Amino acid sequence: MKRKSLSFFYVFLGLLFTAVILKAVESAKGKYAHMLFNELFEDYSNALIPVEDTDKVLNVTLQITLSQIKDMDERNQILSAYLWIRQSWYDAYLKWDKDKYDGLDSIRIPSNLVWRPDIVLYNKADDDFSEPVNTNVVLRYDGKITWDAPAITKSSCVVDVSYFPFDSQQCNLTFGSWTYNGNQVDIINSLDSGDLSDFVEDVEWEIHGMPAVKNVITYGCCSEPYPDVTFTLILKRKSSFYIFNLLLPCILISFLAPLGFYLPADSGEKVSLGVTVLLALTVFQLMVAEIMPPSENVPLIGKYYIATMTMITASTALTIIIMNLHHCGSEAKPVPQWARVVILDYMSKIFFVYDVGENCTSPKREKEEHRLEGDDGCQRRHKEVRSPLSNRNDDFHLREVDGNLNKSYGIHGKNVRETVNCCSCYKMLIKNIEYIANCVRDHKANRAKGIEWKKVAKVMDRFFMWIFFIMVFFMSVLVIGKAA
């Protein structure tokens, strides 16, 4: 037991001794760091470029890490992104011998104490021109300075919304020195593309790459070259939200519009349905217009809305014309012969349009048979009505002959006068019956004329209904095909 207690005691002493030594080393390094800082910045100025020979070019290595896309403002064409900007360069006046300072190879100091390259975002679209975040820099013994600074940038981005909501965008982030030309400061991109390893996935956009390209441009104002590094952010819109909230309702409403031709003309709802659908599409069109920039490029969904609204306007106008045909009365002209052949004979069979009052459950032959039976009955009744009249008429002629004979012989004068009065009553009765028959015949003819115009209107309704259904289908397929 005593040996175990002694062993634990020695281990505790060893750990304590190690901690004391480490503490002393840290205090020693802190002491050397203060000495190094005082010696390095005793005669140092951060106002001048840190090169021993002004003819030499200072190379600045640039690396961009995309952390998050905060917003894509299509209407104002501004991309807001959260970036980590890393810049590294060599300062000729900030070097030391690490053996002289107990192996101290790096220190961290505020960035405003050293010279920093004035690299800015050329296509910045922010009203705030404040300085970069004053984070610390890492200074190595060989003079290499590494500066990591976070930044929320707002850059101008040319947005092409021709295929919205199935569009892809390319936004450039161009970094370069604002005052130093390429003979003084040269920018080198450390990677061929931006770093996307720490990117936070966005709910609206997919990142398909961020390639980096170095450009050397000579501006008209100056003869010196000015290098810059352009990072192209390739974005693909996630279209599910817009499909379910903008495109799919429009397609459903578009398929509802041709059904206005199927409504009965006497319902009084044909025109109101077309106007209601047109107003609904106008609301969706305004929603898209609020998102998109006021440019000449009309988005794909906007073209679909305009085409659908034009189609619905045409269908409403055709509905009004067809309703006028439906309500043609007895004063209208008869149906032309070409319309009777083309529309009533052929098109009605193609679109399965029955006579007015018929439906698919009542066979046409039975109706015709009943109608023929009715006509025969009417003829029989007419014969029955006319038979006594004809008999009476014959009797009248016989009595007239007898009357003449009697008159010539002077016999039965009173009976002759009674016979003449009865004949005049029969004549009036026959005239009245003929007048009523003519009125009924004219009424039937006018009614048949109106029924023909109603059937013409019904056939045209069916014809335009299928035409507009086909148009809506092909427009929807065309939109989906262009998106693919």
### Cβ pairs under 7 Å, 6+ apart, first in segment 44-57 and more than 12 Å from residue 183 (Cβ to Cβ) and assigned by the TED database to the domain that holds residue 144, second of a type outside the set (S, T, N, Q) and not in a loop (DSSP other than H, G, I, E, B)
46/113
### Query
Going by the structure shown, is residue 244 over 30 Å from residue 456 (Cα atoms), part of a helix (DSSP H, G or I) and without any contact (Cβ under 8 Å) to a residue 12 or more places away in the chain?
yes
### Message
Condition first: in contact with a helix residue (DSSP H, G or I) (Cβ under 9 Å, 6 or more places away or on another chain), of a type in the set (Ser, Thr, Tyr) and at pLDDT 75 or above. Can you find one or more residues in segment 354-365 that meet it?
### Response
no
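Let's see how each residue does on (1) within 18 Å of residue 165 (Cα to Cα); (2) open to solvent by 20 Å² or more (accessible area, probe 1.4 Å):
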residue	(1), (2)
210	no, no
234	yes, yes
244	yes, yes
249	yes, yes
257	no, no
266	no, yes
### Message
Please go through segment 72-122 and give me each residue that is open to solvent by less than 20 Å² (accessible area, probe 1.4 Å), touching a helix residue (DSSP H, G or I) at 6+ places or on another chain (Cβ under 9 Å) and either outside the structural domain of residue 49 (by the TED database) or closer than 20 Å to residue 45 by Cβ (or both), ordered by number.
### Response
94, 107, 109
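Okay, residues lined up against (1) more than 40 Å from the chain's Cα centre (by Cα); (2) among the polar types (S, T, N, Q); (3) assigned to a loop (DSSP other than H, G, I, E, B):
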site	(1), (2), (3)
95	yes, no, yes
99	yes, no, yes
109	yes, no, no
126	no, no, yes
137	yes, no, no
146	yes, yes, no
151	no, no, no
158	no, no, yes
164	no, no, yes
### Query
Does segment 58-71 contain any residue that is assigned by the TED database to the domain that holds residue 112 and in a loop (DSSP other than H, G, I, E, B)?
no
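For segment 196-216, give me each residue that is over 23 Å from residue 118 (Cβ atoms) and part of a strand (DSSP E or B).
First, the residues of segment 196-216 that are over 23 Å from residue 118 (Cβ atoms): 196-211.
Those that are over 23 Å from residue 118 (Cβ atoms) and part of a strand (DSSP E or B): 205, 206, 207, 211.
Within segment 142-155, identify whether any single residue is more than 15 Å from residue 89 (Cβ to Cβ), in contact with a strand residue (DSSP E or B) (Cβ under 8 Å, 6 or more places away or on another chain) and open to solvent by less than 20 Å² (accessible area, probe 1.4 Å), and answer yes or no. First the steps, then the outcome.
Taking segment 142-155 and keeping what is more than 15 Å from residue 89 (Cβ to Cβ), we get 150-155.
Then keep just the ones that are in contact with a strand residue (DSSP E or B) (Cβ under 8 Å, 6 or more places away or on another chain); that gives 150-155.
After this cut, where a residue has to be open to solvent by less than 20 Å² (accessible area, probe 1.4 Å) as well, the list is 153, 155.
Yes; the residues of segment 142-155 include at least one that is more than 15 Å from residue 89 (Cβ to Cβ), in contact with a strand residue (DSSP E or B) (Cβ under 8 Å, 6 or more places away or on another chain) and open to solvent by less than 20 Å² (accessible area, probe 1.4 Å).
If I filter segment 286-322 down to residues being among the polar types (S, T, N, Q) and open to solvent by less than 50 Å² (accessible area, probe 1.4 Å), which single residue comes out as farthest from residue 256 (Cα to Cα)?
319
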### Task
Kindly indicate which of 134, 189 is touching a strand residue (DSSP E or B) at 6+ places or on another chain (Cβ under 6 Å) and assigned by the TED database to the domain that holds residue 86.
189
### Query
Can you tell me which of 418, 452 is part of a helix (DSSP H, G or I) and at pLDDT 70 or above?
452
### Task
Give segment 47-70 a look and list any residue that's open to solvent by less than 60 Å² (accessible area, probe 1.4 Å) and β-branched (Val, Ile, Thr), or say none.
49, 51, 60, 61, 64, 65, 69
### Message
Against the definition (open to solvent by 60 Å² or more (accessible area, probe 1.4 Å), in contact (Cβ under 8 Å) with a residue 40 or more places away in the chain and either assigned by the TED database to the domain that holds residue 56 or not aromatic (Phe, Trp, Tyr) (or both)), how does residue 205 come out, yes or no?
### Response
no
### Query
Consider residue 180 against the criteria (1) assigned to a strand (DSSP E or B); (2) touching a residue at least 60 places away in the same chain (Cβ under 8 Å); (3) more than 30 Å from residue 287 (Cβ to Cβ); (4) open to solvent by 10 Å² or more (accessible area, probe 1.4 Å): it satisfies all of them except one. Which criterion is unmet?
(1)
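The values are calculated or read from the model by the stated rules, or taken from the named source; none is laboratory data. Computed from a predicted structure; not experimentally measured. So basically every Cβ, Gly included, is an ideal-geometry build from the backbone, and we count neighbours across all protein chains shown. Each accessible area value is taken on the protein alone, full model and side chains, heavy atoms only, with ligands, DNA and RNA left out. Shrake-Rupley method; radii C 1.70, N 1.55, O 1.52, S 1.80 Å.
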